[in-house]
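Working notes, beginning with the structure itself.
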Amino acid sequence: MNLFISQLATVTVGFSTADMVVQLIMLVFLVAFLSVLIGLAVVFFKRNNEVKGLKERVDQLEKERNNG
């Protein structure tokens, strides 16, 4: 009888406390995963810009060496 009442409460509310905890944990992991992806993207683009700057500097130094 107790099981029936808990099932009825679950159907009425839509989710149990355990389901809510699982949903919260999944939400936390999703946010953490997305923040890691965004961090990796930021680091990648930052390095990419640094590499571009270094290539431009190397080209400039090679031109100076060839002209001088």
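The values are calculated or read from the model by the stated rules, or taken from the named source; none is laboratory data. This is a predicted model, so every value here is computed, not measured. Positions of Cβ are generated from backbone atoms using ideal geometry, with glycine treated the same way; all protein chains shown enter the neighbour counts. All accessible areas refer to the heavy atoms of the entire protein, side chains included, with ligands and DNA or RNA removed. Shrake-Rupley method; radii C 1.70, N 1.55, O 1.52, S 1.80 Å.
Values for this structure:
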{"quantity": "Conditions (1) at pLDDT 90 or above; (2) open to solvent by less than 80 Å² (accessible area, probe 1.4 Å); (3) among the β-branched types (Val, Ile, Thr); number of the one not met by Thr10", "calculated": "(1)"}
{"quantity": "Answer from Phe15, Phe29 - the residue that is surrounded by 10 or more Cβ atoms within 10 Å (Cβ to Cβ) and modelled with pLDDT under 90", "calculated": "Phe15"}
